[in-house]
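The values are calculated or read from the model by the stated rules, or taken from the named source; none is laboratory data. Remember, it's a predicted structure, so these values are computed and weren't measured experimentally. With ideal geometry, Cβ positions are generated from the backbone for all residues, glycine too; neighbour counts draw on all protein chains shown.
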Amino acid sequence: MKINIQDLTKIYENGHKALKTVNLEIENGMFGLLGANGAGKSTLMRILVSLMKPTSGKVLVNGMDLSKNRKAIRAMTGYLPQDFSAFPKLKTWEFLDYSARLAGVRQHQQRRDAIDELLEEVGLFEARDRYANNLSGGMKRRLGIAQALIGNPQLIIVDEPTTGLDPDERIRFRNLLSKISSRDVIIVLSTHIVGDISSSCQQMALLKSGRVVFNGSPSELVEKARGKVWRIHATHEEFDQVNVQYNVISTIPSVGGWELEVVADAVNGFSAEIIDPNLEHAYVYYMEYFSEMAPDHRTLQPEVSTFNQ
């Protein structure tokens, strides 16, 4: 599987440019799309699942033009939208049975076997007879990924899947997606939560104001922040001054003051030491500083749950 996104632009009727000349190549495995709210992630996801048309540019899936092969590409695609909801009057297994019919699984026994297998995989088998509307938030998200997997899609699009989940459910969900990504599939994971990317994705892109400002691996992004992350040992009197001068990532009380982690090219006037960056540090540094610089070879130029049918 391969997705080629070429010069994709989306301008809404009010003139807002949600996507600006986006170019990406995505292959098998888990691909993370990271950016702040409003960066254009959901717009890109909706274009990929053909729920929205771009203003210009094209998307190729295995060489097929999405604008000309919409039905064929939708048949190989599973989608978990950000605002996923199930029909309240259907039980869990009934909702998946309905989704399976839409995905083209016609034989009753085949649907039943597929539903039971998916319910086991997402940890919902014991809740198969509960009404979908009575599931917890985390269980609803797991039901959402189950309906996205009905019919064994080759392309799986998940938009902000862990928003609102507690830490245990977030970890469970990420582990489930990682397990699925070991198959011959592409999973595109759109999120504003850095931890969702760092623990599961081999490749990623950063979106900022509709532009791709980084495209590469998480480790490559982390390297761009090496030497730019500092731990400042501040007194109580210096605390406010540090917060004014620098972009503070974390704040930890210590004896006689504070330990603050900041991202900056240099720290002056305070007791500070360079520390190893993680992906959260790199994300903040890159979005604040590096994306305004000239791009290198890893950076592109700046400026329905009932889906399968």
Pull out all pairs, ordered by first then second residue, where Cβ-Cβ is under 7 Å, the residues are six or more apart or on different chains, the first lies in the stretch 18-37 and is of a type in the set (Gly, Ala, Ser), and the second is in a loop (DSSP other than H, G, I, E, B). 18/12; 18/40; 18/210; 29/202; 32/201; 35/192; 36/192
Kindly check whether there is at least one residue in the stretch 172-188 that is outside any helix (DSSP H, G or I), buried (at least 20 other Cβ atoms within 10 Å of the Cβ) and of a type in the set (S, T, N, Q). no
Could you check how many residues of the stretch 120-147 are among the charged types (D, E, K, R) and surrounded by fewer than 19 Cβ atoms within 10 Å (Cβ to Cβ)? 6
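The rows are residues; the columns are (1) out of contact with any Phe, Trp or Tyr (no Cβ under 6 Å at 6 or more places or on another chain); (2) of a type outside the set (A, V, I, L, M).
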| position | (1), (2) |
| --- | --- |
| 22 | yes, no |
| 48 | yes, no |
| 53 | yes, yes |
| 59 | yes, no |
| 72 | yes, no |
| 79 | no, yes |
In the stretch 84-109, residue surrounded by the most Cβ atoms within 10 Å (Cβ to Cβ) [restricted to those that are among the aromatic types (Phe, Trp, Tyr) and not in a loop (DSSP other than H, G, I, E, B)]: 95
In the stretch 247-288, how many are touching an Asp or Glu at 6+ places or on another chain (Cβ under 7 Å), within 16 Å of residue 36 (Cβ to Cβ) and not in a strand (DSSP E or B)? 0
Test: residue 50 is modelled with pLDDT under 95 and in contact with a helix residue (DSSP H, G or I) (Cβ under 6 Å, 6 or more places away or on another chain): yes
Take the conditions part of a loop (DSSP other than H, G, I, E, B), of a type in the set (Ser, Thr, Tyr) and surrounded by 17 or more Cβ atoms within 10 Å (Cβ to Cβ) and apply them to residue 200. Does it pass? yes
With closer than 15 Å to residue 148 by Cβ and in the same structural domain as residue 23 (by TED's automatic domain parsing) as the only criterion, which of 83, 65 stands out? 83
If the requirement is being in contact with a helix residue (DSSP H, G or I) (Cβ under 8 Å, 6 or more places away or on another chain) and surrounded by 14 or more Cβ atoms within 10 Å (Cβ to Cβ), which of these qualifies: 1, 30, 45? 30
State whether the residues of the stretch 74-83 include one that is surrounded by 14 or more Cβ atoms within 10 Å (Cβ to Cβ), farther than 30 Å from residue 135 by Cβ, among the β-branched types (Val, Ile, Thr) and under 20 Å from the mean Cα position of the chain (by Cα). no
Taking residue 165 as the residue in question, decide whether it is touching a helix residue (DSSP H, G or I) at 6+ places or on another chain (Cβ under 7 Å) and part of a strand (DSSP E or B). no
Where residues in the stretch 221-242 are surrounded by 15 or more Cβ atoms within 10 Å (Cβ to Cβ) and part of a helix (DSSP H, G or I), which of them is nearest to the chain's Cα centre (by Cα)? 221
